[in-house]
Every structure is written in structure tokens, then in C-alpha cells.
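Engineer: Sending over a structure as C-alpha cells; questions will come in a sec.
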Amino acid sequence: MGIKVAKFGGSSVADGIQLTKTRQIIEQDPDRRYVVVSAPGKRFEGDNKITDLLYLCKTHIDHNLPYDQIFQVVADRFMAVEVNLGVDVDLLTHLDTIRDNLRRNPSTDYIASRGEFLNAILVAAFLGFDFVDTAPLIKFDSRGKLLMEETDEALRDELAKHERAVLPGFYGSTPDGKIKTFSRGGSDITGALVARAIKADVYENWTDVSGFLMADPRIVKNPKQIKTISYKELRELSYMGAGVLHEDAIYPARMANVPINIKNTNDPADHGTMIVGEADFDDPAEKSRIVTGIAGSKDFTVVALYKNMMSSERGFVRRILGILDDYNINFEHLPSGIDTVSVVMSNKDIGDRLDDVLDEFRSRLRPDSIDVLEDIALIATVGRRMSLRSGVAARLFTALAEAKVNIRMIDQGSSEMNIIVGVENKDFEKAVRAIYSAFSEEE
């Protein structure tokens, strides 16, 4: 018997129907002792998320516009859930307190956090668990930076007093007691922090999808599910634009080596995706699998610089990075040869400054030539120990050649985990489908 932390996203706690599913899931496994909840999400197409309505209240307050009707929509929705669940938590008192605070024009973070706060109170009563507010436990410094160790200690000490508890996600507080929210992936981060603090055996992240897929289903029809993925592979896919958990949302669990299981509230029997430190290579399925996932995105520019004897010229790459730093432009990749180096940059990052950057390259680097490739898409094929397996690159390039996709750039790092190719934007979807087809039948 172990301990599981279960985090339920907005779609999983959107209304009484979804909350009933949530309770059934929790009651099926007594190890699910600590539950983290988001604010209610959309119940149907065209509906509003509670957090969005609360942000709208703040906008109206800041512009001296009436906000009472908007907040009443929020209040009515929570009161309806209270009635549907058959619980009594004196919700009116909590709502009146929030209304009083709204009249004092509180911070955006305070207003936005009230969805999680109210929902956690309701869910705790519905489950018969203790309600534990995260405001004094998730600790930020005065500049809004998470204090990891202080948070870990506070959560561990408090949760030791509760055999079972529901906690609101998304927020904590600064030393002066003011509410502070996470900038993104808030409830996911809270769940990971709780899992780390109590040394959970598993951190379950319940959402409306059955884990991660090998490729974007908008591009590849019915892509296979990723059953197991390492933290490193997840980071590679996330960096290349895959719709997966943000790094901040998994970091605490990763540091504590707590596995994360992405599960579907609407299909709880599905295995989902397990995120682990290292895959089990004794598992025959894991031994045979080469590629974990394929991800990418469009709209990059590649600037290829050629200079004879570049490799013997000290500081050449450093000067490239200095120019990018002057323009506050990040580089995505930097593949190089003996006398060449290519700088891969996002078009969004460059904006309308490409000509200025090229002028700086010419004047400060004095290259023999510069080639510019625009409208390039990058595709990462991510897997474990790829560089140790023969024929992987050959299979990938053959698939692209057969699909008549011209490769404009190749970059394989030393991590053994990915091969990145650059293709023209117009070939992006075709290239993803070709790569997926080449590796999806390997198990």
C-alpha cells in the first residue's frame, strides 16, 4: 500500500456530473489520499471557465465598470454545484467574503485564485476529506519566486496531520500574506509539489485525454498512445511544441523521482501515459521501441554562416551569441561544421529585425558568405538511445525521401534522444506523417 496524489483539471471538476466521476475514481483506490483540484472548466462548447470570469471581474473593476453580474454568474454556478452534490459548506459566507474583498479592488492573483479555493471546499465536503488551504503552504518570496524547500517543509508538516485532504491548486502566498498564483500550469505544479512533499508513490494527473500521443492527431490520424515516457523525452517533445505538461509542472515530482501518470477522467480504465525517470529496458515492449514521439512547429529562419578556417578563429560562436543577445533574440539550434555554423531562430522572436541582425553578422563576423533560409519548420523525432541503434537515421531520411520532402537542415545532438530535421513550412504535415509511418509499426 502506498500514497497517491491525484490532481483533477478544470474539465474533470466542471460540474456535478464530472465531480461524481471524480469521486468514483477516488473511492476505487484507497491510496488516493491527497487530491488537488483546479477551478471548474467549461461544461460545454461556448461555456466559460470560472477563472476567465474572475479575470473579467478584475478587468471591470480596474476600468470602473459594473462587475456584480459577472460575479453573480460565478456564484450561481458554485451554488448550483453545492445543491447538486448535496453538501452544505456555508458557501454563501465564503461568497460574501469574496464580494467584500472585491469592493476593495484586490490583486488579480487573489481574484483569479478564488475558483480553486471555492471548488476545493466543495470537493472536500463531497468526498468527506479535510480541506487544506494552500495559501500558507505554497510559499513565494517577495518577488514572486517559488521557495521550493520552504514549501516542501510546510506541505510535509501540514499534510502529516491529515490522513486524507483536498487542496486547491494554482496559488500560494508571499511573506506578507498576499495571494500569489503560478504563471502557468498552476494546479499541475501544486500537485507535483504535494507529491514531492509526501514522497508519493505516484502522482496522477487527471484530465480529459488518455495520456500523450506519438504525434499530433490533427496531422496524423489516430496516432498511437505513448504508454511510458521518460522525463528527458518529455522535455524534448515539450520544447519542440508538443502539447504536453510544462516543465514547471513536472519539475518538483521529477526532483523527487515520483512517477507521473496522465489519466482520463472520462475513461479511468485506460492506462494513460506514465512519466518516469528512466524506462524499464527489461520490458520487451520498451526494448523494441525506438521512437517515443514526433513533434515540431513552423516558422523558423536559418542563417548559415561560412568562413574559411572558422574552427581556428577563437570567439566566433561567442560573437554570434553576443549579437543575438544585443537584439534579445534566442537561438533554437546551432548546428555547425568545420567552417560553417547555422543559427536557427524563431520568426516570432526575430520580428522585423532580420536585416539588422544580418548586417551585424557581416560587420562583426566578416563571414565569407551568408545563406538565409526562411519559412522553415523543425521536426524532432524523439526516442531513447537512438544513437546506439543502427539504421534509425537511414529509416527517417528514407521515409522523407519517399514522401518527396526536401530536408534543409539536420541536427542530432549528443543526448542520444532526438534527430531534428528542418523542412519547408509547406512540407511540415507531410513530413510528420512520413516519419510517423516509418516508426509507428515497430512494436
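Engineer: Could you list, in sequence order, all residues of segment 77-95 that are exposed (fewer than 13 other Cβ atoms within 10 Å of the Cβ) and over 13 Å from Pro40 (Cα atoms)? Reasoning before the result, please.
Structural biologist: Going through segment 77-95, the residues exposed (fewer than 13 other Cβ atoms within 10 Å of the Cβ) turn out to be 80, 83, 86, 88, 90, 92-93.
Result: Val83, Gly86, Asp88, Asp90, Leu92, Thr93.
Engineer: Still on this structure, please answer the following. Looking at Ile17, Ile70, Ile50, Ile25, which is the one that is of a type in the set (Val, Ile, Thr) and more than 28 Å from the chain's Cα centre (by Cα)?
Structural biologist: Values: Ile17 fails: more than 28 Å from the chain's Cα centre (by Cα); Ile50 fails: more than 28 Å from the chain's Cα centre (by Cα); Ile25 fails: more than 28 Å from the chain's Cα centre (by Cα).
Testing whether each residue is of a type in the set (Val, Ile, Thr) and more than 28 Å from the chain's Cα centre (by Cα) leaves just Ile70.
Engineer: For the subset of segment 182-215 comprising residues that are over 20 Å from Val5 (Cβ atoms) and more than 15 Å from the chain's Cα centre (by Cα), which member is surrounded by the fewest Cβ atoms within 10 Å (Cβ to Cβ)?
Structural biologist: Across segment 182-215, the extreme among qualifying residues is Met214.
Engineer: Right, next: What are the residues in segment 297-313 that are under 15 Å from Pro335 (Cβ atoms) and surrounded by 15 or more Cβ atoms within 10 Å (Cβ to Cβ), if any? Reasoning before the result, please.
Structural biologist: Taking segment 297-313 as the starting set, the residues that turn out to be under 15 Å from Pro335 (Cβ atoms) are 300-306, 310-311.
Across segment 297-313, the qualifying residues are Phe300, Thr301, Val302, Val303, Ala304, Leu305, Tyr306, Met310.
Engineer: Sort out which residues of segment 330-364 are crowded, with 18+ Cβ neighbours inside 10 Å and of a type in the set (A, V, I, L, M, F, W, C), and write them in order of number.
Structural biologist: Those that are crowded, with 18+ Cβ neighbours inside 10 Å and of a type in the set (A, V, I, L, M, F, W, C): Val341, Val343, Val344, Met345, Ile350, Val357, Phe361.
Engineer: Further question: Suppose we filter Thr151, Thr134 for residues that are crowded, with 17+ Cβ neighbours inside 10 Å, touching a strand residue (DSSP E or B) at 6+ places or on another chain (Cβ under 6 Å) and assigned to a loop (DSSP other than H, G, I, E, B); which single one remains? Working first, answer last.
Structural biologist: Working: Thr151 fails: assigned to a loop (DSSP other than H, G, I, E, B).
Of the residues listed, the single one that is crowded, with 17+ Cβ neighbours inside 10 Å, touching a strand residue (DSSP E or B) at 6+ places or on another chain (Cβ under 6 Å) and assigned to a loop (DSSP other than H, G, I, E, B) is Thr134.
Engineer: Need the failing condition index for Lys232 against (1) crowded, with 24+ Cβ neighbours inside 10 Å; (2) under 30 Å from Ala434 (Cβ atoms), just the number.
Structural biologist: Exception for Lys232: condition (1).
Engineer: Conditions first: (1) at pLDDT 95 or above; (2) under 30 Å from the mean Cα position of the chain (by Cα); (3) over 24 Å from Ile189 (Cβ atoms). Val36 passes all but one, so which condition is the exception?
Structural biologist: (3)
Engineer: Now for a separate question. Looking at (1) under 25 Å from the mean Cα position of the chain (by Cα); (2) assigned to a helix (DSSP H, G or I); (3) of a type in the set (A, V, I, L, M, F, W, C), can you tell me which one Val166 breaks?
Structural biologist: Against the list (1) under 25 Å from the mean Cα position of the chain (by Cα); (2) assigned to a helix (DSSP H, G or I); (3) of a type in the set (A, V, I, L, M, F, W, C), Val166 comes up short only on (2).
Engineer: Mind checking which residues of segment 338-357 are closer than 21 Å to Ile379 by Cα and either among the small types (Gly, Ala, Ser) or assigned to a strand (DSSP E or B) (or both)?
Structural biologist: Hits for segment 338-357 are Val341, Ser342, Val343, Val344, Met345, Ser346.
Engineer: Then there is this: Could you look through segment 265-296, keep only residues that are among the polar types (S, T, N, Q) and surrounded by fewer than 18 Cβ atoms within 10 Å (Cβ to Cβ), and pick out the one that is modelled with the lowest pLDDT? Lay out the reasoning, then the answer.
Structural biologist: Restricting attention to segment 265-296, the residues satisfying the condition of being among the polar types (S, T, N, Q) are 265-266, 273, 288, 292.
After this cut, where a residue has to be surrounded by fewer than 18 Cβ atoms within 10 Å (Cβ to Cβ) as well, the list is 266, 288.
Values: Asn266: 94, Ser288: 65.
Looking at the filtered set, the residue picked out is Ser288.
Engineer: Out of (1) surrounded by 15 or more Cβ atoms within 10 Å (Cβ to Cβ); (2) modelled with pLDDT of 95 or more, what's the single condition that is false for Gln69?
Structural biologist: (1)
Engineer: Would you say Lys42 is more than 29 Å from Ala197 (Cβ to Cβ) and crowded, with 20+ Cβ neighbours inside 10 Å?
Structural biologist: On the way: more than 29 Å from Ala197 (Cβ to Cβ): yes; crowded, with 20+ Cβ neighbours inside 10 Å: no.
Taking the combined requirement at face value, the residue does not satisfy it.
Engineer: Here's another thing I want to ask about it. Name, by its number, the condition in (1) part of a loop (DSSP other than H, G, I, E, B); (2) under 30 Å from Ser437 (Cβ atoms); (3) not acidic (Asp, Glu) that does not hold for Leu378.
Structural biologist: Answer for Leu378: the failing condition is (1).
Engineer: Return yes when Asp157 is over 25 Å from the mean Cα position of the chain (by Cα) and in a helix (DSSP H, G or I) and no when it is not.
Structural biologist: yes
The values are calculated or read from the model by the stated rules, or taken from the named source; none is laboratory data. For clarity, every value in this text was computed on a predicted model and none was experimentally measured. Counting neighbours? That spans all protein chains shown, and the Cβs are built from the backbone with ideal geometry, glycine included.
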